[in-house]
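Shown next, in structure tokens, is the structure this report addresses.
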Amino acid sequence: MAKEKTVYICQNCGYKSGRWLGRCPECGGWNTLIESKETSIKTKSRNVLNFLSQSGKPVPITQAEEVQYIRFPSGIKVFDNALGGGLVKGQVSLIAGEPGIGKSTLLLQLSHSLARNGRKVLYISGEESVNQIYLRAKRLNALNDNLIVFSETLLERIEDTVEELSPDIVILDSVQTVFSAELESSAGSVSQVREVTYRITELSKRNDITTFVVGHVNKEGQIAGPKVLEHIVDTVLQFEGERGSFYRILKVVKNRFGPSGEMAVFKMTSLGLEEVPEPSAFFISERNTERAGTVIFPYTEGTKPVLLEVQALVLPSVYATPQRRSEGFNPNRLSIILAVLEKEANIFLRDKDVFVNIVGGVEVDEPGIDAAVALAVASSVKNKPILPNVAVFGELGLTGELRNVYFAEARVKEAKRFGFNNLLVPKSVAEELKEENLKGFSHISELLEAVF
Ligand SMILES: Nc1ncnc2c1ncn2[C@@H]1O[C@H](COP(=O)(O)OP(=O)(O)O)[C@@H](O)[C@H]1O
Ligand SMILES: [Mg+2]
């Protein structure tokens, strides 16, 4: 029996300390260090150690064998496309998202789709009873004999059951509710969540099972789990959407078996999630082109751009410190853009409240949106609508310069496909692509002058 020692583990980021600290030096979280008894690595299950070691030999890269992944469709087309053509045997995916976003719904529908195609699916829920899962499955029209449901939270029993049933697919909903009896900390703590994921991953790899693990996150994308698990699993899927809206976006954040940055869009209905094959048409459908403060932006973090509507609302502030709020866009980035507009384009915002919204609940985390946010803000300040056929993208530098962004050609193509023939882009993009309909600008002030 190995020696047990007391360590303090940050429940946010997994940082370990020999003594208690009020503030985590790694992530800056307050009161996040929790006392845990940690058994040394020697007592970790052998399985975990086997999985951690790849037991390969060093070889010259020219003699490496090419392994072709055998893919099979899940049957949900937009999902398969986003993953690069379907699922892979032994692939472990983490589906992270806020509570209530629709993770269980999606996975139950996915389970049904796979079961219908003859695959044996084991759906393990630590959150719901078999009856609750049954009622949901009935509502979603997802009943099938190949879909086996199991309500359990003890990892050791889950492992035994998986070995016994040898399913093709395992769903674990959610990683925060399952615990191993070998650890003393409670379910949902960083050590438990990590142990559960390691062991489920090892089990899946050894038995060629395709596995989906659900991880809850809070608004800040944290709380014991998803962040510390990302490096263990093969694929990380992030499920996003606005509360109260029906759009749901599944983003492929990491993918060892295909491209990352792709996304699948769904619509939540009472019958479950419906695929949205043309997300651009969907996201721009409710735009009011007669109003100031709205502009179209071709967004992409992968290879397939989607058109989004960027909205801004600027009005005189009644507070000493004006408000800056943004939905779907980094608020720090917004402050920088407002500062650049003031310095480089004479748009004064220091006594005004500024609100920015990306319609549809998409979280945009790429610099191409800068020019669109700047233009939408300027349009709202001036109360002048932007021509309906305008689309814009480009990164904004601190001196007001407009910079090239990746996948420019694909963005232009998607905008034109939907009739946005008046494309305002960084000068370098216009020179590179030499297409009609493209207007290149090297500075934000030039762009604003041309528009207004
Ligand atoms: N009876 C119902 N009728 C219609 N929609 C429902 C019903 N129950 C749940 N939903 C929808 O499903 C969502 C919850 O999805 P769920 O898959 O349980 O989320 P998660 O697993 O991510 O916590 C709700 O926000 C709601 O939109
Ligand atoms: Mg759920």
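The values are calculated or read from the model by the stated rules, or taken from the named source; none is laboratory data. Computed from a predicted model, the values in this text were never measured in an experiment. Cβ coordinates were reconstructed from backbone atoms using ideal geometry, including for glycine residues, and neighbour counts include every protein chain displayed.
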For segment 17-48, the count of residues that are out of contact with any Asp or Glu (no Cβ under 8 Å at 6 or more places or on another chain) and modelled with pLDDT of 55 or more equals 18
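Is there a residue being basic (Lys, Arg) and either within 15 Å of ligand 1 (Cβ to nearest atom) or in contact with a Cys (Cβ under 7 Å, 6 or more places away or on another chain) (or both) anywhere in segment 77-87?
no
To keep it simple, each residue is scored yes or no on (1) of a type in the set (S, T, N, Q); (2) modelled with pLDDT of 95 or more.
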{"site": "ARG71", "(1), (2)": "no, no"}
{"site": "GLY84", "(1), (2)": "no, no"}
{"site": "GLN91", "(1), (2)": "yes, yes"}
{"site": "GLY97", "(1), (2)": "no, no"}
{"site": "THR105", "(1), (2)": "yes, yes"}
{"site": "SER113", "(1), (2)": "yes, yes"}
{"site": "ILE124", "(1), (2)": "no, yes"}
{"site": "SER129", "(1), (2)": "yes, yes"}
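Filter the strands (runs of 3 or more DSSP E) completely within segment 250-317 down to those with at least 1 residues that are over 22 Å from the mean Cα position of the chain (by Cα). Spell out the reasoning first.
Numbers: elements: 263-269, 272-275, 294-299, 306-316.
Where strands (runs of 3 or more DSSP E) fall fully within segment 250-317 and carry at least 1 residues being over 22 Å from the mean Cα position of the chain (by Cα), they are 294-299, 306-316.
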Before we move on, is VAL228 in contact with a Gly (Cβ under 9 Å, 6 or more places away or on another chain) and surrounded by 15 or more Cβ atoms within 10 Å (Cβ to Cβ)?
-> yes
In segment 388-409, anything surrounded by fewer than 17 Cβ atoms within 10 Å (Cβ to Cβ), among the hydrophobic types (A, V, I, L, M, F, W, C) and modelled with pLDDT under 95 is listed as none
Taking segment 253-272 and keeping residues within 16 Å of ligand 2 (Cβ to nearest atom) and surrounded by 19 or more Cβ atoms within 10 Å (Cβ to Cβ) leaves PHE266, GLY272
Query raised in the report: Quick check: is even one residue across segment 139-148 touching a Ser or Thr at 6+ places or on another chain (Cβ under 6 Å), over 13 Å from GLN109 (Cα atoms) and crowded, with 23+ Cβ neighbours inside 10 Å?
Result: no
Restricted to segment 94-141 and to residues being within 14 Å of ligand 1 (Cβ to nearest atom) and of a type in the set (Lys, Arg), the residue nearest to VAL252 (Cα to Cα) is LYS103
Residue set SER280, SER326; condition closer than 30 Å to GLY75 by Cα, crowded, with 17+ Cβ neighbours inside 10 Å and polar (S, T, N, Q); output residue SER280
Inset, instruction - Determine if segment 384-391 includes at least one residue that is farther than 18 Å from ARG287 by Cα and of a type in the set (Lys, Arg). - result: no
Listed by first then second residue, the pairs whose first member lies in segment 153-182 and is under 11 Å from LEU122 (Cα atoms) and within 16 Å of ligand 2 (Cβ to nearest atom), whose partner is of a type in the set (Phe, Trp, Tyr) and in a helix (DSSP H, G or I), with beta carbons under 9 Å and at least 6 positions apart or on separate chains, are none
Residue hits (segment 81-112; assigned to a helix (DSSP H, G or I) and either basic (Lys, Arg) or within 12 Å of ligand 2 (Cβ to nearest atom) (or both)) are LYS103, SER104, THR105, LEU106, LEU107, LEU108
